[in-house]
Structure formats: C-alpha cells, structure tokens
Amino acid sequence: VLALLVGVAAIAVSSGPGWRELRWFGVGALCASVYGVCALQSTLELPLAVHAFFGRLGGASASALVASWIVYFASKQRRPLASFERYLAIAVVIVAVAWMIPGLCRTSEAFVRRVPWLGVSYTTTRPTVLGKVTYGFLVAATFVFDVRVLFAFRRGDRTALTDFLAITVQLAAGVNDALAASGKVNTPYALDIGQFVVVLEELGGDMHEAAT
C-alpha cells in the first residue's frame, strides 16, 4: 500500500519544475506495489486460474520495475541514457510483455513450494525454459545499472552510495527468487522486500533533498 501511495504521489509531483525524474521513480514504485500483491496471493488458497494470472503479472511487473529503475537512476544522475542502457531498457520492457502471454514464460502447471523451516508455502505455476532465461536476464540487467550507480559514487556523487546498497539488496533478493523459483534453493521469496528497500531508500533521499 505504501509503495502504491508513493508511486502515485511521485508521478503527481513529477509535473513540477525540477522533479521530472520522479516520474520514473513513481512508475517503479507502482510496479513494486503490484509485485507485492502478486507475491502475497501466492501464499493464499485461490483458484489455479488466479495463481496463473498473478504469476504472469508478477513477472511482468518485476521486469517493468527494472526498466523503470534503469531510466530513473540515469535521470537522477542528470545524464542521458547511454545507448546500451536504452536498448537494455527496451529489451526489459519486451520481457515484461512476454511475461503476460499465457504459456510463454509460465506453464499452466500448478505446484506448491514449501519452506518448512519458516512454515510458509507458495502456490504458483512453473516457469518455462524461457521464463528461467528471463530470470537470468533480469538479474544481469539489475547488476548493470547497480554498477552504473556505483561508478557515480566513485565519481563523487555521495548520495549514490545508499542507492548502490539498496539496489544490491534488490539484486540479492532477485538472485534468491530466481534460484528458488527454479528449484535450486529452498528459501522464501524476497524480491518484494528487496524492491521495497529501494523504494524506501529513494523516498528518504527525495524527502531529504526537498527539505534542504
């Protein structure tokens, strides 16, 4: 809910002078809120069709969030997107669209993944081979703009350090979820938390900037 409110507020504020970059922050926050809903429904007992839809929507919203972050952090650094960043963002958007096509990135086969030591179970549909490939691609895309943010810090942008740390949390959560969804590890999903960390960190930074 907080991510949704932050997203709507950021998009509204972005129409003001000097705050245009918040438009993409707002889009990212909205994507995080949608993904949070998708993550929550996987822990509930719902019809298979509902789990299948939210499984696809979760992949699409997670992908769209990565594309939003690529554009937002470049804008925050007051620089245009590099050519490779532009193509990367476009490719991620294409992945987001692909996730919404039934059967392309997720099968219609439901399965329950249990994490006994935490007492949590997740009901969702299995990713296809292409879906698993997109996991790796999205992790790589997140790594790329995380490194770009680190370079900004090394160039003297002190605020970029907290950005880098927050994105790294999202990156680690994304790696965890990709491995968990592929059956490689038996850990709880954490990407929704990782996304929220970035939203909160950016919200705090923007509020500090507005106050000063």
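None of the figures in this text is laboratory data; all of them are computed from the coordinates on show. Predicted, not measured: the structure shown is a model, and the values here were computed from it. Virtual Cβ from ideal backbone geometry, glycine too; neighbours counted across all protein chains shown.
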Expected max-MSF residue from L30, L118, L138 in the GNM of the chain (alpha carbon, under 10 Å) is L118
When all Cα-Cα pair distances of region 112-196 are considered, the percent exceeding 15 Å is 63 percent
Checking region 47-98 for trypsin sites (Lys or Arg not before Pro) in a loop per DSSP with at most 11 other beta-carbon atoms within 10 Å yields R78
Within region 14-105, DSSP-loop GluC sites (Glu not before Pro) with at most 15 other C-beta atoms within 10 Å are E45
Taking 174-182, 59-67, 192-200 and ranking on average Cβ neighbours within 10 Å, highest first, one gets 59-67, 192-200, 174-182
Tilt, helix 83-99 to longest principal axis of the chain (alpha-carbon atoms), in degrees rounded to tens, equals 30 degrees
Residue separation between T107 and T128 times 0.36 nm, minus their alpha-carbon distance, gives in nm 7.0 nm
Cβ-Cβ cut-off under 14 Å around H51, Lys and Arg +1, Asp and Glu -1: the net charge is +2
Rounded to one decimal in Å, the inverse mean reciprocal Cα-Cα distance for region 62-147, i.e. its Kirkwood radius, is 14.5 Å
Expected unfolding gain across T162-R86 under the 0.36 nm per residue rule, minus the alpha-carbon gap, is 25.0 nm
With +1 on the Cβ of every Lys and Arg and -1 on the Cβ of every Asp and Glu, the dipole magnitude of the chain about its Cα centre, in debye rounded to the nearest 20, is 460 debye
Which of (1) 17.1, 53; (2) 20.8, 64; (3) 19.2, 62 gives Rg and Dmax of the Cα atoms in Å as computed here? It is (1)
